[in-house]
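These notes are about the structure you will find just below.
Laboratory data are not the source of any read-out in this text; all were calculated from the coordinates shown. A quick note: this is a predicted structure, and the numbers were derived from the prediction, not measured. Ideal geometry is used to build each Cβ from the backbone, glycine not excepted, and the neighbour counts take in all protein chains shown.
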Amino acid sequence: MTAGRTSDALPVLPTLMAMLALAAGTFLLRLSGPALRARIGFPERAEKLLEVSAVVLLAALAATSALTEGHAFTGPARPLGVLVGGVLAWRRAPFLVVVLAAAGTAALLRVAGVP
């Protein structure tokens with residue numbers, strides 16, 4: 001019986017080592033950002049482009065999530081809910097109000113029969 005337990009424990013060791021290596025790599029990668037920020041400088045234009053690209057990427061993700069489900073259009077209820085949430089966020093409403101208003105708008109439209 002001991003041999004069975006030893007052979008069962010063998011696959012655990014490589015998995016554990018891989019998890020530890022990934023954890024260490026993640027920690028070092030996160031640590032390198034602040035450590036290298038003081039040493040490496042970007043031109044001002046590159047920094048502006050990086051800031052804008054993050055906003056554009058987030059907007060594209062939001063648009064894709066709001067407008068599609070699988071490979072089809074979601075219908076108008078979800079995009080209208082996102083629009084309501086976006087307007088409230090733009091007007092600096094509290095986050096909880098933004099989320100509840102967006103979800104409530106989409107839910108009410110779906111109850112009303114809007115897909």
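Structure summary
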{"quantity": "Sparse-neighbour loop sites [trypsin sites (Lys or Arg not before Pro); region 16-111; at most 16 other C-beta within 10 Å; DSSP]", "calculated": "Arg39, Arg91, Arg92"}
{"quantity": "Whole-number percent relative contact order across the chain, with pairs defined as alpha carbons under 8 Å at least 6 apart", "calculated": "18 percent"}
{"quantity": "Computed label-point distance, nm, for sites Ile40 and Val12 using a 7 Å Cα→Cβ extension", "calculated": "4.0 nm"}
{"quantity": "Helix runs (DSSP H) in the chain reaching 15 Å along axis by Cα, Kyte-Doolittle at least 1.6", "calculated": "95-111"}
{"quantity": "Alpha carbon convex hull of the chain, volume per residue in cubic angstrom", "calculated": "251 Å³"}
{"quantity": "Region 25-66 versus region 93-108: alpha-carbon centroid distance in Å", "calculated": "28 Å"}
{"quantity": "Rounded FRET efficiency, nearest 0.05, which uses the C-beta distance separating Ala62 from Leu22 and R0 of 22 Å", "calculated": "0.15"}
{"quantity": "Amide hydrogen neighbours beyond the local backbone of Thr68, cut-off 5 Å, H modeled", "calculated": "Thr74"}
{"quantity": "Estimated 222 nm signal from helices in the chain, with DSSP H stretches of n ≥ 4 weighted -39500 (n - 2.57), rounded to 500", "calculated": "-26000 deg cm²/dmol"}
{"quantity": "Mean separation of Cα contacts under 8 Å, 6 or more apart, over the residue count of region 75-115: relative contact order %", "calculated": "55 percent"}
